[in-house]
Amino acid sequence: MHDPIPESRDTKANQFALLRQRRFAPFFWTQFSGAANDNLFKFAFTVMVTYQLSVSWLPVSLAGLVIGALFILPFLLFSATSGQLADKLDQAVLMRLVKNLEIGIMALAALGFATQQVAVLLLCTFLMGLHSTLFGPVKFAYLPRMLKEHELTGGNGMVEMGTFVAILLGNVAGGLLVAMPEVGHTAVAVACVAVAVLGRLFSGAIPSVPATAPDLKINWNPITETLHNLRLARANPTVFRTLLGISWMWFFGAIFLSQFPSFAKEVLHGDAQVASLLLVLFSVGIGAGSLWCESLSRQRVEMGLAPLGAIGMTVFAVDLYLASCGLPDVPMMDITTFVANSAHWRVMADLVLLSLFAGIYSVPMYALIQQQSHTSECARIIAANNIINALFMIASSLIAGALLGAGMTIPEVIFWTVVANAVVTLAIFMAEPLYLQRFAGWLRSV
C-alpha cells in the first residue's frame, strides 16, 4: 500500500487523532463541506418550490422527486469517467478542480435564488450531482493511499460519520435560511457560495498524491466504460459481492429516508419538526455506528462486523414496525408533545439503533474494497460501486412507490423492506462465506 506521508504507527491512537494530521484533516473537511453544501442547496430549493413559489410546470407533488432524480442522474452518466480521472490524475489536484467547479455552480445557483429562476436551479441540481459524482471515487480511493491498513476502518468511519452529520447540518441550515422573511433566498445564495469557497480552501491543504495510472487512456463512452468498471469489480468476487452489499444498504436506507415526512405525519401524527427529528436520529445513529467500528474491529479490516450490522438492522427495523403499528390516531403533535409521550420513545430508540447497525454494516465493507482492490484500479471500482448504488436507490423509490400505490401502509412497506433485508444480506453472506466465518471468529474473540 502506497503511503506518501509516513506517520508513526501508534495503534493505540483512535480515529480522532487523524483530524490532527495533514494527510487526513484537510481531506475530511473538504468532503464534509461538499456534503453539507449539496444538502443545503437541495433542501432550500425543495422548500422554495414546495412552499414559496407557484410553478405551473413543476407541481409540488413532483418537485422533490424531480430534484432527487436530477441530482442522482450524473452518478449513472459520469461515474465511469470520474473513476478514470481519479486513477489518472493526482488525487489532490482533482479534488481542487472539483472544488473550483463547485464554486462556479454555486455562483450560478446564487443567481438562481436571487432571481427565483427555477430552471436555473434545476440545472444547478444536475451540476451539483456531477460535482458529487466526480468527488466520490477520488474520496474513497484517497483513503487507502494515505492511511495504513490498521487505520482504514477508523478513517472510513470518520468519513461516514462526517458525511451524515454534514447532510443533517446542510438540511437544517437550508431549511432555516430559506424560511427567513424577505432575505431568505439571498441568505441561501450567500451561504452556498461561502461553503463552496470554504471547501476550496480546505482542499488547498490536501497533500499531493501521485497518480496510480498516469498512462491510462480515458474512455469517454460512459456505457462501455461502465461495463469495463463492472468487469474490474467482478474480477475479484469478494469485492463485487461487497459492492452489492453496500448498494443494498443504500437501498435500505433510502426507503427510510424517503418515507420520513410521510411516516411522521401519517403514522406518528407529528408535524414537520417531528420529521426533522427522525432525520436527526437516523444521522446520529449512522454516525455513532460508523465511529464504533474501529473499536469493534480492534483497528483491523473486520468483515465479521457486516453480519452483526445486518442482524441489528433487521431486529430493530422489525421492532420499529411493531412499535409503529399500535400507535393511536391522535391530533397532530409538535416536537415537544411528541417527545414527551413515552409511547414514542421505543420508536425513536429503534430508529437510532437500526441506523447505528447500518453504520456497523457498511464501514467495514468500504474498508474491505479499499484493502482488496488494486491501487491502480481502486477509483474505478469505487465508481462501479457508485453506479450500482444509484441503481439500487432508484429501484428503492420505484418499489416503495409501487407498494404504497398498491394500498400498503408505510409500516407495511417497512416490514417488507426488513424481510428483504434479511433475505438479501443472508444471500450475500452465503455467497461469500468469509463474512460468516469472520463473524464467528469475531464472536469467539469478544
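Since every read-out is calculated from the coordinates, none of them should be taken as a lab result. Predicted model only: the values in this text are computed from it and were never measured. Here Cβ is always computed from backbone atoms with ideal geometry, including for glycine, and neighbour counts include all displayed protein chains.
Data table
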| read-out | value |
| --- | --- |
| Cα-based shape type of the chain, given that a ≥ b ≥ c are square roots of the gyration tensor eigenvalues and the cut on a/c is 1.5 | oblate |
| Label point 7 Å beyond Cα of ARG444 along Cβ direction - residues of region 284-302 with amide nitrogen under 20 Å | 296-302 |
| Derived scalar couplings ³J(HN,Hα) [region 415-425; Karplus, 6.51 cos²θ - 1.76 cosθ + 1.60; whole Hz; x for Gly, Pro] | 4, 6, 5, 5, 4, 4, 4, 4, 5, 5, 5 |
| Cβ crowding within 10 Å averaged over residues, with 171-181, 336-346 ranked highest first | 171-181, 336-346 |
| The chain - percent relative contact order, Cα under 8 Å, separation 6 or more | 25 |
| Per-peptide average of other Cβ atoms within 10 Å, ordering 233-245, 358-370, 431-443 highest first | 358-370, 233-245, 431-443 |
| Mean separation of Cα contacts under 8 Å (6+ apart) over length of region 310-446, as relative contact order % | 37 |
| Cα shape, region 167-316, gyration tensor, a/c 1.5 rule | oblate |
| Relative contact order, percent, region 13-204 [alpha-carbon distance under 8 Å, six or more residues apart] | 45 |
| Sorted by Cβ density within 10 Å, fewest first, the residues ASP90, ASP350 | ASP90, ASP350 |
| Rounded Å value of the spacing that divides the Cα centres of region 390-436 and region 257-285 | 20 |
| Radius ratio Rg over Rh of region 219-446, counting only Cα atoms, Kirkwood formula for Rh | 1.01 |
| Whole-Å distance, taken between Cα centres, linking region 70-116 and region 358-387 | 21 |
| Alpha-carbon centroids, region 297-339 and region 136-176: separation in whole Å | 22 |
| Amide H partners (placed H, <5 Å) of GLY270, local residues excluded | LYS265, MET333 |
| Tensor-based shape of region 13-204 (alpha-carbon gyration tensor, a/c under 1.5 rounded, otherwise prolate or oblate) | prolate |
| Peptides ranked, highest mean first, by Cβ atoms within 10 Å: ranges 251-264, 401-414, 140-153, 32-45 | 32-45, 140-153, 251-264, 401-414 |
